[in-house]
Amino acid sequence: MARVLVVDDDKNTLKFVRLHLEEEGYDVIEATDGRDALKKLKILPCDIAVVDVMMPFMDGISLTKEIRNTYEIPIIILTAKDQIDDKAVGFEAGTDDYLTKPFETKELAFRIKALLRRYVDPESDNDPIRLGNVLIIHENYSIKIDTKTIKLPLKEFELLYLLAKNSQRVFSREQIIENVWDLDFEGDNRTVDVHIKRLRQRFSHLSVPFSIRTVRGVGYTLEMNQ
């Protein structure tokens, strides 16, 4: 049974989500703010977190950053309708997916199931990719650079894997969204730009033989350095 951490300062939302997720077979841990969530994560390891953006003491974006620094679990943020900025900031913080309030609990359960499947049961045909001293391993979503191993948030990893598997090919933002965000996508193309920026920042201080290049007016491609 997968354990879901649900973080929201609205007790009615917590109760509503818990009842429906328990019907789907999940073990649900509730928290009313970010600080409460971190305390419970230390005691009760969870498989996935569902985090509201607007909360007292520690908001959902700050909580997402804290979780991402310590735990390797997928994160879904809950954001107010049409708050595109919340979504962009959330992805920059390291979230894997988002859902706009009000939402259907069946949709939430579907997204939880999809993320857990992709974290725990990756496709067997996704072979490791070697780029010089870098090994990108889809099986456990890890990257080895010489003797150092690093982990990326799910969407960042899948974006890197897509570009690395098709190096020299230029992908438009729409093509990247289609390949990496396979659920219904309600955001805008800025999400891709945010993830590209984060990938560049992560590798800027590391010795890697590739770079992600912007092809003006088209999209992005991964190129091996000369």
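The values are calculated or read from the model by the stated rules, or taken from the named source; none is laboratory data. Predicted, not measured: the structure shown is a model, and the values here were computed from it. Neighbour counts are summed over all protein chains in view; Cβ atoms, including those assigned to glycine, are modelled from backbone coordinates with ideal geometry. Keep in mind that these areas ignore ligands, DNA and RNA; they rest on the heavy atoms of the full protein, side chains included. Shrake-Rupley method; radii C 1.70, N 1.55, O 1.52, S 1.80 Å.
Observations, loosely collected:
- Bridge type composition, the chain - antiparallel percent by DSSP, nearest 5: 55 percent
- A simple rule links phi to the HN-Hα coupling: the Karplus curve 6.51 cos²θ - 1.76 cosθ + 1.60 with θ = phi - 60°, which for region 71-76 gives 10, 9, 10, x, 10, 10 Hz, with x for Gly and Pro.
- The 3J(HN,Hα) values that the Karplus relation (6.51, -1.76, 1.60; θ = phi - 60°) gives for region 51-62 are, in residue order, 10, 6, 6, 8, 8, x, 6, 9, 6, x, 5, 5 Hz. Gly and Pro appear as x.
- Accessible surface of the chain [probe 1.4 Å, protein heavy atoms]: carbon and sulfur percent: 47 percent
- For LYS11, a cut-off of 28 angstrom between C-alpha atoms picks up these lysines, skipping any fewer than 8 places away in its own chain: LYS39, LYS40, LYS42, LYS65, LYS81, LYS87, LYS101, LYS106, LYS113.
- In nm, spacing of pseudo-spin labels at LYS42 and SER172 (7 Å Cα→C-beta vector): 5.0 nm
- Solvent accessible area, Å² - SER172, 1.4 Å probe, full protein context: 20 Å²
- The distance from the alpha carbon centre of region 1-38 to that of region 193-212 is 35 Å, rounded to a whole number.
- Taking every protein chain into account, the 1.4 Å probe leaves TYR119 with about 50 Å² of accessible area, to the nearest ten.
- One chain, two ends: GLU22 and ASP146. Fully extended at 0.36 nm per residue, the span grows by 40.3 nm beyond their Cα-Cα distance.
- Per residue accessible area of the chain, 1.4 Å probe, in Å²: 51 Å²
- In Å², nearest 10: area of ILE150 left accessible to a 1.4 Å probe: 30 Å²
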